[in-house]
Amino acid sequence: MKFGETLKNLRDIKEMTQQDLGKVLGVSRATIAGYETKNHQPDYEKLEILSHYFEVSIDYLLTGEDSFHVERMKRPPINEKVLDAEVIQIYRTLPAETKQDVLKYLKLLQPNEKYTKKDV
């Protein structure tokens, strides 16, 4: 699979427009269209941003194939809207005490700003 096809597939999975992705990269919609249809490729810095944003390897972006055996990269892409809707639907059925427990747990999962990567 070519880079343009891979990029379009990832963008479609996240339900993003070319304009949306352009904002992420700091480029125009036309630039994204060029990546997807005219065999243009971004510079390394933009590939890094795309890799982190879509949670895939740069290898995957360029070839459409994973060459690394990293579990995170093998997970199917997450559709956050669907996931949010499912969580909310289940949450609404819980008793009040359980909702409090869920809230405490979610707060524990939030990143703690006072720690940095070097502290870990």
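Using 0.36 nm per residue and subtracting the Cα-Cα separation, the extra length available between Lys38 and Val87 on full extension is 13.7 nm. With N as its number of residues, region 3-74 has a Cα radius of gyration that, divided by 2.2 N^0.38 Å, comes to 1.02. Residues Lys104, Lys8, ranked from the fewest to the most other C-beta atoms within 10 Å, line up as Lys104, Lys8.
Taking the number of other C-beta atoms within 10 Å as the exposure measure, put Leu61, Leu103 in order starting with the fewest. Intermediate results must be reported in sequence, preceding the final value.
Numbers: Leu61 20, Leu103 11.
If I rank by nearby Cβ atoms, fewest first, I get Leu103, Leu61.
For Thr6, Thr93, Thr17, the sequence from fewest to most other C-beta atoms within 10 Å is Thr93, Thr17, Thr6. Nearest 0.05, what FRET efficiency do Ile78 and Arg29 give at R0 = 35 Å with Cβ-Cβ as r? That gives a FRET efficiency of 0.90.
Here, each number is a calculation from the coordinates, and none is a lab measurement. Computed from a predicted structure; not experimentally measured. We place every Cβ from the backbone using ideal geometry, glycine too, and count neighbours over all the protein chains shown.
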